[in-house]
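Here the structure is laid out as structure tokens; the discussion comes afterwards.
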Amino acid sequence: MLSCDECRIAKKKCDRNTPCSRCAEKKLSCQYTAKKYKHEVVPKRLKLELRLKRLEESLLNFIEDEHGVKVELPKFEQSVLPKYGFSSSNKESVSPLGSSSGPSSSSSAIPIIRTTINTDPKDQINFNIPLPYLETLLQTYIESVHLFYPFVNIEYVNYLFTTNPHASILLNVLYLVGEVTQNRLNNINPITLFESSYFYQVTRWLIKLKEDTVDLEIVQALFLLGKLELELGYSYLSNRHIIDGVKKLQMMNKDQENQDWKNTWAIACKIDTVTEVSSNMPSLIKLKSQHFLESQSSLYTSDDPSQLLNICIMWAYLMQQLHHLRKQVDAKTINVNDFLESFHDISQYLKSHPFYKIEAVQFLQSFRNHTYFSGYLSNFIIYNLRIINFRQTVRIFMDDNDISEEIKNSPMLELSRPSIVNLCTILCSGDSELQQAIDKYIKLDYSFILAYYTLYVAADDTISAICKKKFDESIEYWPSLTMIQKYQRPCNSRT
């Protein structure tokens, strides 16, 4: 029952009697005419669904306007939502990802299909592909790409390979990533064979087949596929899969204490941010300062991938803040006071990052032999790129506005030169072993080619010529970099 009219207007506590004690004491007319609360109590689940629906509509409108493609997202039936039986709470499950169906976990929760697609695996899946070939593709992923993004549970992947090597949606995406990676390493343009790839076709079929399924295996598959499509320039397909992945992951919010869920969420933040920056698509995951602070930690040399994933969350938050500031500066829609506030906030987060003031030589001494060296190296490079981006954004704003001496003399602006030195030390060191690794990494992760592009623009003539050559040799492996250059101009003059 609502408060009476007099108590509601006065914003006083009402005991909801007739008349209430307050109206009786003051001899007021006690009436209850309101139809409902001003702010209805909405269950958390309904709030989430309404928020996702609004977000989904805005993103789909954006995709249609930008790409001329109308995308339809799947509708979730109650029968396949986690609380109706696909929970990860079964402690006896053999699956580290929480499936309660044992050996059949890779194909659990088959929903009612409302489409006319052929649902018979015998007609779609080639069960005759030799296992040694599949194992080679899987090992390519594990030994190369996984070290940059260690969010997939390898123990569970090996279990899937033992029990269901041909029909698992996650395995087929990993085979696809391994196939594309092999093409890159063999100097084959990945786009030429991508659309006709068997693994790409069967992965999309499995995604359609399981479009109503909500579990971590399909979520991870969606993010891996979306990331790969984004890298190869299929932005509208990538957006579709990443939207679906975020939606399903948020539907699983009750599993947030599960380490595999945490790892997946960390990579989702990074992939979502890369999508926003590279395609200028609105971010799906709005990170807050608390996410940065909760992920903040000192550098560890243990083999625990969660430390690397924490840095990924910090990276994503910093990138969102810098990207939004740069867009406002370019569009001239930010005033001096708001800019100064953003400047101080971003400066503080850059200082709080574990890579703050770490020189390249020190970094290499600490991480050269680390299991996830390539992943830490990628994030170290990106951190230094962010400092260079930050200084350039401030310089652009300074050219058009009168800002305080405090900003002009800020030590943060002096970090740009050390960051360029760090990149030169890493990418042009003359260390043959390190250079061999870099030549491989540039085909595995986009951060390295962005660093070469930055040094081509910002370094001295000798280094610039070397980096321009490396950039030109590798650009064909990263079709999406055309858009990344547009929205993430690292520097337009020598720093």
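The values are calculated or read from the model by the stated rules, or taken from the named source; none is laboratory data. If you're wondering where the values come from, they're calculated on a predicted model, not measured in any experiment. FYI the Cβ positions are ideal-geometry reconstructions off the backbone, even for glycines, and counts take in every protein chain you see.
Only one of these is charged (D, E, K, R), within 22 Å of Thr192 (Cα to Cα) and without any contact (Cβ under 8 Å) to a residue 12 or more places away in the chain: Asp439, Asp431, Asp461, Asp445. Name it.
Asp439
When residues of the range 396-428 are filtered for being without any contact (Cβ under 8 Å) to a residue 12 or more places away in the chain and surrounded by 14 or more Cβ atoms within 10 Å (Cβ to Cβ), how many remain?
Looking only at that region, the number is 1.
Determine which single condition Asp303 fails, assuming it passes every other condition in (1) closer than 27 Å to Arg54 by Cβ; (2) outside any helix (DSSP H, G or I); (3) in contact (Cβ under 8 Å) with a residue 12 or more places away in the chain.
(1)
What pairs come up if the first residue lies in the range 265-290 and is not assigned by the TED database to the domain that holds Tyr446 and of a type in the set (A, V, I, L, M), the second is at pLDDT 85 or above and not in a helix (DSSP H, G or I), and their beta carbons are under 7 Å apart, counting only those six or more places apart or on different chains?
Ala266/Phe151; Ile267/Tyr149; Ile267/Phe151; Ala268/Ile285
Which of the residues spanning the range 176-187 are over 13 Å from Val152 (Cβ atoms), in contact with a Leu (Cβ under 9 Å, 6 or more places away or on another chain) and either of a type outside the set (A, V, I, L, M) or not assigned by the TED database to the domain that holds Glu231 (or both)?
Result: Glu179, Thr181, Gln182, Asn183, Arg184.
Name the residues in the range 159-182 that are farther than 21 Å from Lys270 by Cβ, assigned to a helix (DSSP H, G or I) and not aromatic (Phe, Trp, Tyr), would you?
Matches in the range 159-182: Leu160, Thr162, Thr163, Ile169, Leu171, Asn172, Glu179, Gln182.
I want to confirm something. Restricting to the range 234-246 and keeping residues that are closer than 17 Å to Gln201 by Cα and not hydroxyl-bearing (Ser, Thr, Tyr), which single residue is modelled with the highest pLDDT?
Step by step, filter the range 234-246, then rank; the result is His241.
Ser295: buried (at least 20 other Cβ atoms within 10 Å of the Cβ) and among the polar types (S, T, N, Q), yes or no?
In short, yes.
Is it the case that the range 305-317 has a residue that's in the same structural domain as His370 (by the TED database) and either loosely packed, with under 13 Cβ neighbours inside 10 Å or more than 20 Å from the chain's Cα centre (by Cα) (or both)?
Among the residues of the range 305-317, not one is in the same structural domain as His370 (by the TED database) and either loosely packed, with under 13 Cβ neighbours inside 10 Å or more than 20 Å from the chain's Cα centre (by Cα) (or both), which makes the answer no.
If we keep just the residues of the range 194-210 that are part of a helix (DSSP H, G or I) and charged (D, E, K, R), which is surrounded by the fewest Cβ atoms within 10 Å (Cβ to Cβ)?
By that ranking, first place goes to Lys208.
Looking only at the range 332-354, decide whether some residue is in the same structural domain as Asp402 (by the TED database), within 28 Å of Asp431 (Cα to Cα), in contact (Cβ under 8 Å) with a residue 60 or more places away in the chain and of a type outside the set (Phe, Trp, Tyr).
Among the residues of the range 332-354, not one is in the same structural domain as Asp402 (by the TED database), within 28 Å of Asp431 (Cα to Cα), in contact (Cβ under 8 Å) with a residue 60 or more places away in the chain and of a type outside the set (Phe, Trp, Tyr), which makes the answer no.
Please state which of the following conditions Asn126 fails to meet, knowing it meets all the rest: (1) over 17 Å from Phe161 (Cβ atoms); (2) at pLDDT 50 or above.
It fails just one condition, (1).
If you go through the range 132-158, how many residues are in contact (Cβ under 8 Å) with a residue 12 or more places away in the chain and either outside the structural domain of Ile218 (by the TED database) or part of a loop (DSSP other than H, G, I, E, B) (or both)?
So the count comes out to 7.
Just checking, does the range 445-457 include any residue being surrounded by fewer than 22 Cβ atoms within 10 Å (Cβ to Cβ) and of a type in the set (Val, Ile, Thr)?
Yes: one or more hits.
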